[in-house]
Amino acid sequence: MGSGYGRDIERLLRDAGCYPVHKGKGNHEIWFSLVSGRNFTLDRGVKLRHTANGILKDAGLEKAF
């Protein structure tokens with residue numbers, strides 16, 4: 001299955017102008033989205049495409065996986 005979607009999600013988020021606010025617990029980070037105007041959680045270890053798309057939705061972006 002590979003190493004997951006973490007790097008791909010981060011690339012899409014940065015391209016959309018999102019940026020990390022602070023570290024969370026484990027491999028989670030809190031990010032801010034300029035698109036949605038709110039904070040959301042990024043799990044760098046995400047392995048399911050549904051979860052990956054959910055993170056993008058929280059950021060106000062379209063599905064990519």
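Taking region 1-25 as the range and being among the aliphatic types (A, V, I, L, M) and surrounded by fewer than 14 Cβ atoms within 10 Å (Cβ to Cβ) as the test, the residues that pass are Met1, Val21. Within region 1-45, the residues that satisfy the criterion of being part of a loop (DSSP other than H, G, I, E, B) and within 10 Å of the chain's Cα centre (by Cα) are Tyr5, Cys18, Arg44.
FYI, it's all coordinate maths here, none of it is from the lab. For clarity, every value in this text was computed on a predicted model and none was experimentally measured. Note that each Cβ is placed from the backbone with ideal geometry, even for glycine, and that neighbours are counted across all protein chains shown.
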